[in-house]
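Working notes, beginning with the structure itself.
The values are calculated or read from the model by the stated rules, or taken from the named source; none is laboratory data. Not measured: the values here are computed from a predicted model. Here Cβ is always computed from backbone atoms with ideal geometry, including for glycine, and neighbour counts include all displayed protein chains. Accessible surface is based on the protein model in full, side chains and every heavy atom, while ligands, DNA and RNA are left aside. Shrake-Rupley method; radii C 1.70, N 1.55, O 1.52, S 1.80 Å.
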Amino acid sequence: MNTEITIIRPDDWHLHLRDGKMLAAVLPYTAKIYGRAIVMPNLMPPITSVNEAEEYRRRIIAARPEGSNFEPLMTCYLTDATDPEDIRAACAVKAFHAVKLFPAGATTNSDNGVTSIKNVYPVLEVMQELGIPLSVHGEVVDPEVDIFDREAVFIEKVLIPLRKDFPELKIIFEHLTCKKAVDYVLDQDEFTVATITPHHLVLTRNDLFKGGMNPYMYCLPVAKTFEDRKALREAATSGNEKFFLGTDSAPHACKNKEKEGAFAGIFNAPTSIGYVTQVFERCGELPRLEGFTSIFGARFYGLSPNGSTITLTKRDEPVSMNWLFKAGEDEVKIFNPDTPLYWELVD
Ligand code: DOR
Ligand code: ZN
């Protein structure tokens, strides 16, 4: 039985770091585990220019713990008003590793997002030409669509037509949550890849309601059925390089989680790699862990894997930690679902 594993240091291909005191409080958790991360641009106001991205990058670097080499990889928030020539100029100085599509109103801080995909066609034209990837939050916002179907409907209504019009645009379908999305990605060529989160590998929608409504299990896209989770586990552990880890770790103050209109987002950075390792172990696929966490994403983004390693061990007793911590005056809760966690980072 495997009780210890050493892998190339992972990267997080989808991360929310926020800013200010929250950034300072959450960054050490990520920097301890991950070599690099694709940093989401949905600040308020969002990161929409090279200058804003560069300043934000500097603030992240300044917030790193002593001795950390963690490298933030910046992204640009796509709006209806994004100028294709700005993206071309940004590309020339390698300012962005991806451009993020949030359908307006789909999730946290997405109010400035895209209201119709056709509005950004000139930008996508340039991105396809230059090979810069589009990172996609794949949900429709139509209030008539069942919230559990939003991802599946997005594939039909947005992704399939988009792919037809831009056959060589690099697309990262972020945080997959349903079997339909897994099957869609499997069906595509190398221009379409996907990230999968630790929490969608662990949760189903039951967890949102187990023992009473639980906002700490609420994120968008929302967790789905057992069958969907099974498809996600199979995709993640399949060794197919189209699928790689993006934690979507998304911290919110407890006061914003524990209220009417609780914010969407799960702060999983501290337990992320442990849960992913545990899922791979339980699926009997530990040898495939490293590809998913440390190799496939880097390959897609045209980067080399990290030069160092991490080691995880399996404990006899569940991992325990202070599940609450302070970010300035606020408190934040760490992802701690019903399923006990046995794997932890030791080195
Ligand atoms: O649950 C989510 N939280 N989903 C997202 O897409 C955004 C994120 C956030 O920024 O809090
Ligand atoms: Zn996200």
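Within segment 183-191, identify whether any single residue is away from ligand 1 (no atom under 14 Å from the Cβ), open to solvent by less than 10 Å² (accessible area, probe 1.4 Å), at pLDDT 95 or above and in contact with a helix residue (DSSP H, G or I) (Cβ under 7 Å, 6 or more places away or on another chain), and answer yes or no. Scanning segment 183-191 turns up no residue that is away from ligand 1 (no atom under 14 Å from the Cβ), open to solvent by less than 10 Å² (accessible area, probe 1.4 Å), at pLDDT 95 or above and in contact with a helix residue (DSSP H, G or I) (Cβ under 7 Å, 6 or more places away or on another chain).
The lone criterion from (1) over 18 Å from the mean Cα position of the chain (by Cα); (2) open to solvent by less than 30 Å² (accessible area, probe 1.4 Å); (3) within 16 Å of ligand 1 (Cβ to nearest atom) left unmet by F148 is number (2).
Screening the candidates P133, P221 for the property of being at pLDDT 95 or above, under 28 Å from V26 (Cβ atoms) and in contact with a Lys or Arg (Cβ under 6 Å, 6 or more places away or on another chain) yields one hit, P133.
Looking only at segment 35-67, which residues are assigned to a loop (DSSP other than H, G, I, E, B), under 25 Å from K255 (Cβ atoms) and open to solvent by 60 Å² or more (accessible area, probe 1.4 Å)? Listed by number, the residues that qualify are M44, P45. Within segment 107-135, the set of residues being in contact with a Pro (Cβ under 9 Å, 6 or more places away or on another chain), within 16 Å of ligand 1 (Cβ to nearest atom) and within 21 Å of I160 (Cα to Cα) comprises G113, V114. Within the set F243, F226, F209, F191, the sole residue that is of a type in the set (F, W, Y), touching a Phe, Trp or Tyr at 6+ places or on another chain (Cβ under 8 Å) and on the phi < 0 side of the Ramachandran plot turns out to be F243. When you look at D19, is it in contact with a helix residue (DSSP H, G or I) (Cβ under 8 Å, 6 or more places away or on another chain), over 28 Å from F243 (Cα atoms) and more than 16 Å from ligand 1 (Cβ to nearest atom), yes or no? Spelling it out, it is not the case that D19 is in contact with a helix residue (DSSP H, G or I) (Cβ under 8 Å, 6 or more places away or on another chain), over 28 Å from F243 (Cα atoms) and more than 16 Å from ligand 1 (Cβ to nearest atom). The helices (runs of 4 or more DSSP H) found wholly in segment 202-321 and carrying at least 2 residues that are open to solvent by less than 40 Å² (accessible area, probe 1.4 Å) and touching a residue at least 24 places away in the same chain (Cβ under 8 Å) occupy 226-236, 254-257, 269-282, 296-300. The C-beta contact set for segment 161-185 (first residue away from ligand 2 (no atom under 16 Å from the Cβ), second residue in a loop (DSSP other than H, G, I, E, B) and of a type in the set (F, W, Y), distance under 9 angstrom, 6+ apart or interchain) comprises R163/F191; F166/F191; P167/F191; E168/F191; L169/F191; K170/F191.
Checking A31, A53, A37 one by one, the residue that is within 14 Å of ligand 2 (Cβ to nearest atom) and among the small types (G, A, S) is A37 and no other.
From the list K94, K32, the one residue that fits, being closer than 23 Å to T309 by Cα, out of contact with any Lys or Arg (no Cβ under 7 Å at 6 or more places or on another chain) and either free of Cβ contacts under 8 Å to residues at least 24 places away in the same chain or open to solvent by 70 Å² or more (accessible area, probe 1.4 Å) (or both), is K32.
Tell me, yes or no, whether segment 108-126 has at least one residue that is open to solvent by 10 Å² or more (accessible area, probe 1.4 Å), within 16 Å of ligand 2 (Cβ to nearest atom), at pLDDT below 95 and not polar (S, T, N, Q). Among the residues of segment 108-126, at least one is open to solvent by 10 Å² or more (accessible area, probe 1.4 Å), within 16 Å of ligand 2 (Cβ to nearest atom), at pLDDT below 95 and not polar (S, T, N, Q), which makes the answer yes.
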